[in-house]
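Structure, as structure tokens:
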Amino acid sequence: MGDAPVWWRHGVFYQIYPRSYQDANGDGVGDLEGIRRRLDHLAWLGVDAIWLSPFQPSPMADFGYDVADYCDVDPLFGTLADYDRLLADAHARGIRVTIDWVPNHSSDRHPWFQESRAARTSAKRDWYVWRDGRDGGPPNNWVSIFGGPAWEHDPATGQWYLHSFLREQPDLNWRNPELVRAMHDVLRFWLARGTDGFRIDVIHRIAKDPELRDNPLLPGAGPDAGYGGQRHLHDENHPDVHAMLRGIRAVLDEYPERMAVGEVYLFDPAEVARYYGRGDELHLAFNFSFLRCPWDAAAFRAEVERFEALCPPEGWPTWVLSNHDVPRHATRYDHPTLGDARARVAAMMLLTLRGTPFLYAGEEIGMRNVAVPEERLQDPLARTLHPALSRDGERTPMRWDAAAPGCGFTTAAEPWLPLGPQPPGTDVAAQRADRGSLLWLYRDLVALRREHPALHRGTFRALDAPDGVFAYERAHAGRRAVVALNFGEAPVDVKLGPGRVAGGLSTCHGRVLPDATDAVSLAPCEGIVLIRA
Ligand code: NOJ
């Protein structure tokens, strides 16, 4: 990649769940025009790119991750013209637009599936995975990630179809060349409009064992054994996925400066690292290790060092604390008396590590998960797995102005999910008015990262630090930045080595003044970035 800036490596991404960002037409659900109207917030925050969760036509069995037409916009979210306007206005502000692409499965209402299920002899039969049953039951022992067997019986044709998720989400057959061509053309459709890239949904699932063999059972499977108590040898992360990815990458390479970040939902960083190939597969692979990390300096350090060691030279790390599938990190790391202190330290870490940070809309104002009453739960997982596993709590609407009706999100009497409760001050208007807010800290960190190449592209080296502190150095072309994060609740002194300090940021005190010190005293739960002179 040389030394040229590469936007997907050196920039900051911001994920938007379109249902929950801004409702422009007053129906209680966010839309593309709403996102367009909020671009000034994103430009002010300084993010380089947005990722939009699916907005294509969908029966919404899984809120858009069940796509019924890959090349259009669901009327709930607007029109293709709205998309083009959003794209143009984002580009005018220097913000790139990436969108979700869901290659593993479509909706059961997709015309491809309708044709496929019509008859065993249908021309598109093989675009999905159909098999005869075994002993009156499903063809093998695979289970759906969303509960129950991964197979649905189709009485009309007497066969079973595979669905790794809901039965309304039949798996596409990536071993069929026509299907592959059709899915590649979907990419071209959006690329030709100027779309900058894709977040690829569950990319590690598109290749399955061609013989559909049973997964081995885990001996004495306990609660951590994985769904179905199985070792997922044959239904995910099949070696053939890499050749399929190279084909996808070749399509992206037909267009300049486009990228893909893949959802590789494997918690084994060595496997995740393989998805970069030799620079001919994913540009970025999500590393989700922080989603399961306890609030512990040593645990974070271990995750970062592990991935740093495994990341191939062609690769580049990614860091994620929150998304639409897991409880928000402000909730995971919440503390009864510390307010936003931990969210501040977490933000500093996310935005100063080597690797692309992915923010999730609302984390910049410290949004917590909302305890959605059971009768208002929407997520299918509440039904197919358990209400406690519903993802609605992290998908509630963005809070723009707590003093405005509908929090400035909607003019409808009821948004699709409740807006709160949330701690006082969890809204953009209140935090814009407060220079010391979490929102301003995010903005300052994004700006600092952009200003200093050491922070957006420098090397990473962990530094020795007292227990409870995660400290590291970032360096580029002789310029250095040092970061020290106190995860603990007691003050601590940290020696950072000699060198003049030219400036920086503290999560507690804002701007750091130039100094000649080689040691800092960190307050409880304080993080600091020092730019070396
Ligand atoms: C991963 C997505 O992030 C999640 O929201 C969705 O339910 C599944 N893939 C199925 O598409």
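For residue 132 and residue 500, the FRET efficiency from 1/(1 + (r/R0)^6), where r spans their Cβ atoms and R0 equals 56 Å, is about 0.15.
Please state, to two decimals, what the Cα-based radius of gyration of the chain comes to when divided by 2.2 N^0.38 Å (N = residues).
Scaled against compact globular proteins, the figure is 0.98.
Our helix-only sum for the chain, with -39,500 (n - 2.57) per DSSP H run of n ≥ 4 divided by its residues, gives a mean residue ellipticity at 222 nm of -6500 deg cm²/dmol. When Rg and Dmax are taken over the Cα atoms of region 385-533, they come to 19.6, 59 Å.
Treating each Cα of region 282-394 as one equal point scatterer and applying the Debye formula with no solvent, the log10 of I(q)/I(0) at q = 0.15, 0.17, 0.21 Å⁻¹ comes out as -0.72, -0.88, -1.16.
Restricting the calculation to Cα atoms, region 184-335 shows an Rg/Rh of 1.00 when the hydrodynamic-style radius is the Kirkwood one. To the nearest ten degrees, helix 241-252 and the longest principal axis of the Cα atoms of the chain are 70 degrees apart.
For the chain, the longest principal axis of the alpha carbon atoms and the long axis of helix 177-192 meet at an angle near 40°.
By how many degrees, between 0 and 90 and to the nearest 10, does the Cα long axis of helix 80-92 differ from the longest principal axis of the chain? Helix 80-92 sits at roughly 20 degrees to that axis. Rounded to the nearest 0.05, the FRET efficiency derived from the C-beta distance between residue 292 and residue 246 at R0 = 25 Å is 0.25.
With 0.36 nm allotted per residue and the present C-alpha distance subtracted, the residue 403-residue 178 stretch has 75.7 nm of extension available.
Restricted to Cα atoms, region 119-205 shows a radius of gyration and a Dmax of 15.2, 51 angstrom. Please say if region 1-128 is rounded, prolate or oblate, where rounded means a/c under 1.5 for a ≥ b ≥ c the square roots of the C-alpha gyration tensor eigenvalues, and otherwise the choice is prolate for a/b larger than b/c and oblate otherwise? Note, shape of region 1-128 comes out oblate. With a Förster radius of 22 Å applied to the beta-carbon distance between residue 233 and residue 325, the computed FRET efficiency rounds to 0.40. Under a model in which nothing but the beta-carbon of Lys, Arg (+1) and Asp, Glu (-1) is charged, the chain shows a dipole of about 1200 debye around its Cα centre.
Each value in this text was obtained by applying a stated rule to the coordinates, not by laboratory testing. What you are looking at is a predicted structure, and each value in this text was computed from that prediction instead of being measured. Neighbour counts run over all protein chains shown; Cβ positions are idealised from the backbone, glycine included.
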